[in-house]
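Read-outs throughout are calculated quantities, based only on the coordinates presented, and are distinct from any laboratory measurement. Note that the structure is a prediction, hence the values are computed from the model and not measured. Because the Cβ atoms are built from the backbone with ideal geometry, glycine has one as well, and the counts that use them run over all protein chains shown.
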Amino acid sequence: MGTLKAVFFDLDDTVLKPRAFNPWAEFKKSQGLEPNLLIVDGIARRPPDEQAILHRRLLQYEQALSASSELREGMRELLGELVAMGLRTALLTNNHRAATEAALRKHGLAFALVLTREEAPPKPSPALLQRALAHFDLSPLEALYIGDSEGDLQAAQAIGLPVWFLATPHNSTLHPRFEYPMELLQALQQAWG
């Protein structure tokens with residue numbers, strides 16, 4: 001591996017505490033959207049008059065999730081340690097910018113870079129990750145992506161970016177997978193010393 005210069009994070013179920021249920025699956029079901037598509041892709045298949053309504057509902061839903069979110073235990077400490085090590089951090093999320101900023105304000109978090117679906121196509125597209133690499137002028141082997149889902153895995157693998165996972169009730173097949181942020185930090189220190 002190259003010299004580690006940055007660590008990128010997903011928001012939901014990674015920086016934020018995982019929920020016992022999948023809120024995105026619930027939203028799709030409640031709005032009659034196809035379960036195997038990204039929400040924004042499902043909305044795009046609807047007639048134009050419905051799209052605007054669904055986008056408003058999605059933003060309201062995301063803002064409610066941000067308001068009720070909890071920070072993953074140990075995340076604040078992990079982020080502090082990474083900054084103390086001189087690593088740059090970025091948050092790359094499929095969420096709307098307004099909902100993302102609300103969650104960051106609620107939990108008093110700051111990242112060197114925050115990218116949302118308004119800046120690039122959502123994961124599993126690698127576009128958000130590519131934008132972050134370009135922003136910091138890094139190659140994929142100079143960064144690490146921390147996520148929680150198959151979409152995170154696909155996005156990172158598409159561009160050769162190393163990817164690790166924080167545990168959720170729904171991702172036991174993804175590896176390397178860590179139960180706690182500080183466990184991940186120890187592995188990071190061992191891998192990149």
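Structure summary
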item: DSSP bridge orientation in the chain - percent antiparallel, rounded to nearest 5; result: 5
item: Mean residue ellipticity (222 nm) of the chain, computed from DSSP H runs ≥ 4 via -39,500 (n - 2.57), nearest 500; result: -14000 deg cm²/dmol
item: Fewest-first sequence of Thr3, Thr168 by Cβ atoms within 10 Å of each Cβ; result: Thr3, Thr168
item: Principal axis dimensions, largest first and in whole angstrom, of the chain by Cα; result: 53, 31, 30
item: Longest to shortest principal axis, alpha-carbon extents of segment 61-157, angstrom; result: 35, 31, 22
item: Gyration tensor (Cα) of segment 23-68, equivalent ellipsoid semi-axes in angstrom; result: 17, 13, 7
item: Within straight-line cross-link reach of Lys106, aspartates and glutamates at Cα separation under 12 Å, skipping those fewer than 8 residues along the same chain; result: Glu70
item: Most positive-pole-ward Cα, Gln154, Gln60, Trp24, against dipole of segment 1-156 from beta carbon charges; result: Gln60
item: Simple spin-label estimate for Gln157 and Arg131 in nanometres, 7 Å along Cα-Cβ; result: 2.4
